[in-house]
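First the structure, in the form of structure tokens, and then the observations on it.
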There are 2 protein chains.
Amino acid sequence: MEVNIAAETFAALAQPSRLTVLKELVQAGPAGLRAGVIAERLSVPAPTMSFHLKELSRAGLVQSHREGRSVIYAADYGGLRELIDFLLADCCQGDRRLCGPYVIKESA
Amino acid sequence: MEVNIAAETFAALAQPSRLTVLKELVQAGPAGLRAGVIAERLSVPAPTMSFHLKELSRAGLVQSHREGRSVIYAADYGGLRELIDFLLADCCQGDRRLCGPYVIKESA
DNA sequence: TCCATAATTCCATGATTATCAAAATATGGA
DNA sequence: TCCATATTTTGATAATCATGGAATTATGGA
């Protein structure tokens, strides 16, 4: 992952509401959550939450699709994986102090 | 790691120069690099780099100490580890799609 | 003490981000 | 078509962040 892209992705996580949303969406699993439910859960006005969801979407951390009158948001596991890979591979270049407890399995 | 703290830490990584510095410091290892060398390597004016190094320091991602006329910056492996732990543990709640290839070893 | 080097702080400027009311858009039913 | 619901876009405002020249602080040597 290129540095500028990684920085943009980190920017998407640099806001408490967005970080909380991502956590909830990972917990919710592939079924995701409706936009309205997300805004209500975090007690954030709909337009504000819409702005944050758009940011997460731009960063490739969540995906969305319409279902009737609702829009369903779900975590984008691929995007999350790429970011974790960046931190582990690019930032921790085999240094045991940093990577020690983690092992990358041969076969995913 | 609490969400607000995590968001602040991600904010420190949400800037290309800072992300690049962190990479170089991890590569440089515990010996670290002099502030002047860092600024020169990235072709960034000293005051600007000083600002970025302060941000990384506030976030607990780098440490510094004076050595004669120079100030040496080095990666803070503990801070980096905490952030990776947050992503793996807090965000990936045992979901195999996300955590599959990574294993947390019993004994660190 | 005086000077050169190394780094930071100060400060002004421009750019980006976060917030949310009001308006607009999209969908499904009556 | 008309209405209610669900969400997004618009637009204005305030707050935060990034940049770098000039001034300041810290250190070591002459």
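For this structure, a couple of remarks:
- Complete set of residues in the stretch B:2-30 that are in a helix (DSSP H, G or I) and more than 7 Å from every other protein chain (Cβ to nearest Cβ): B:Ile5, B:Glu8, B:Thr9, B:Ala12, B:Ser17, B:Arg18, B:Val21, B:Glu24, B:Leu25, B:Ala28
- Qualifying residues in the stretch A:8-49 (those that are within 26 Å of B:Leu13 (Cβ to Cβ) and surrounded by fewer than 15 Cβ atoms within 10 Å (Cβ to Cβ)) - the one modelled with the highest pLDDT: A:Thr48
- Within the stretch B:51-68, the set of residues being in contact with a strand residue (DSSP E or B) (Cβ under 8 Å, 6 or more places away or on another chain), within 14 Å of chain A (Cβ to nearest Cβ) and within 13 Å of DNA strand D (Cβ to nearest atom) comprises just one member, B:Leu56.
- Odd one out for A:Ala6, checked against (1) under 24 Å from B:Thr20 (Cα atoms); (2) within 11 Å of DNA strand D (Cβ to nearest atom); (3) over 11 Å from the mean Cα position of the chain (by Cα): (2)
- Counting only residues that are near DNA strand C (Cβ under 9 Å from one of its atoms) and assigned to a helix (DSSP H, G or I), the stretch A:51-78 holds 3 of them.
- Annotation: of all residues in the stretch B:31-50 being of a type in the set (Gly, Ala, Ser) and within 14 Å of chain A (Cβ to nearest Cβ), the one that is farthest from DNA strand C (Cβ to nearest atom) is B:Ala31.
The values are calculated or read from the model by the stated rules, or taken from the named source; none is laboratory data. None of the values given here were measured: they were computed from a predicted structure. Glycine also receives a Cβ, built like all others from the backbone with ideal geometry; neighbour counts cover every protein chain displayed.
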